[in-house]
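What follows is a single structure, written as C-alpha cells, with notes after it.
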Amino acid sequence: MVTRPEIRLFEHGFVRLDGAMASDLSVVNSARVSFAKRRETMEESDRGLIGFLMRDRHGTPFEHNAFRFHVRCPLFVAREWFRHRIGSFNEESARYHRLEADFYVPEAADVRSQVGKPGAYTFEPAAPALAEEVRADLARQYTEAYALYERLLERGLAKELARCVLPMGTFTQFYWTVNARSLMNFLSLRAADTAQLEIRRYAEALETIFAEVMPVTYDAWLANGRVAP
C-alpha cells in the first residue's frame, strides 16, 4: 500500500489515507475469475484488460477493493460529501463532546460572487476590499457564535442542543470507506469545474491518493473521459 502524509487543506482541514485494501491487481483478478484465472503480479496484458473494462463499462471488478479515508472539513463540505451514498461514513459527534473553535475563512482570492440563473451560475472573484471585509465579517461571526456555544454549555445545556448555534463553517471530521468504482464517480462530479470550490479541493486531494494507489486504473479512467465504469 502506498503511504503518504496527510494532505492539508484550508488551515484546519486534511485528507489522509488511513488504510487501503486496493490495487490494480484486485481489478484484474476480479475480472479474470470469470475464467477461473488468477494473477500474482501485474502483467502488461492486464493494463489492456483494465482499459477494456473501463472503456466498455464493466464496472463490478472495480468494486473489489476499499479505501479508508480520514477527512477533516467544514460542515457544509461534509453535507455535500454525504450525499454520495455508496460508501460508509462515521462522523465526529457534537452530541458527545465539545467541538473545537476551528472555522473556515476563505482566502481572499476564494471570496466570490454568484452571477446568473439557477443551474447556470458563474462565479466572479470579489474586489479585494470586499473580500477582506467578508473575511473579517466571517471571523467575527464565528467568534460570537462559539462564545454563545460555550456559554450554553457552561449553563448546563445539553451538547446536542448547544450545537445548534454553530455555523456551517465549523470543522468536522469523519472516516469514509469506499471502493474504487464509487470513488471514481465521486471524483467525476466533485473534482469537476462545476463543483463548489471547497469540495473540489478535497476531491483533488483524494485524486492524488487514488492515482498513487491504483495508477493503471487511474490512467484508464482519465483515458475514458473521467467517467466511472
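Remarks
- In the stretch 74-99, the residues that are surrounded by 12 or more Cβ atoms within 10 Å (Cβ to Cβ) and either basic (Lys, Arg) or in a loop (DSSP other than H, G, I, E, B) (or both): ARG79, PHE82, HIS84, ILE86, GLY87, GLU92, SER93, ALA94, ARG98, LEU99
- A Cβ distance below 8 Å, combined with a sequence gap of six or more or placement on separate chains, defines the contacts here; from the stretch 6-35, residues that are farther than 18 Å from ARG47 by Cβ reach residues that are at pLDDT below 95 and among the basic types (Lys, Arg) in the pairs ARG16/ARG4; LEU17/ARG4.
- Considering only residues in the stretch 150-173 that are among the hydrophobic types (A, V, I, L, M, F, W, C) and surrounded by 18 or more Cβ atoms within 10 Å (Cβ to Cβ), the one that is farthest from GLY87 (Cα to Cα) turns out to be ALA162.
- When we screen GLU212, GLU160 for residues that are among the charged types (D, E, K, R), under 30 Å from THR41 (Cβ atoms) and in contact (Cβ under 8 Å) with a residue 40 or more places away in the chain, the only hit is GLU212.
- Subset tally (residues that are among the acidic types (Asp, Glu) and part of a strand (DSSP E or B)) for the stretch 1-55: 1
- Against the criterion of being in contact (Cβ under 8 Å) with a residue 40 or more places away in the chain and farther than 21 Å from GLU11 by Cβ, ALA192 does not qualify.
- Among residues of the stretch 55-83, those that are over 16 Å from THR177 (Cα atoms), hydrophobic (A, V, I, L, M, F, W, C) and out of contact with any strand residue (DSSP E or B) (no Cβ under 6 Å at 6 or more places or on another chain), counted: 2
- In the stretch 151-194, residue nearest to PHE210 (Cα to Cα) [restricted to those that are under 13 Å from the mean Cα position of the chain (by Cα) and in a loop (DSSP other than H, G, I, E, B)]: ALA191
- Restricting attention to the stretch 103-128, the residues that are over 22 Å from the mean Cα position of the chain (by Cα), assigned to a strand (DSSP E or B) and within 26 Å of LEU166 (Cβ to Cβ) total 2.
The values are calculated or read from the model by the stated rules, or taken from the named source; none is laboratory data. If you're wondering where the values come from, they're calculated on a predicted model, not measured in any experiment. FYI the Cβ positions are ideal-geometry reconstructions off the backbone, even for glycines, and counts take in every protein chain you see.
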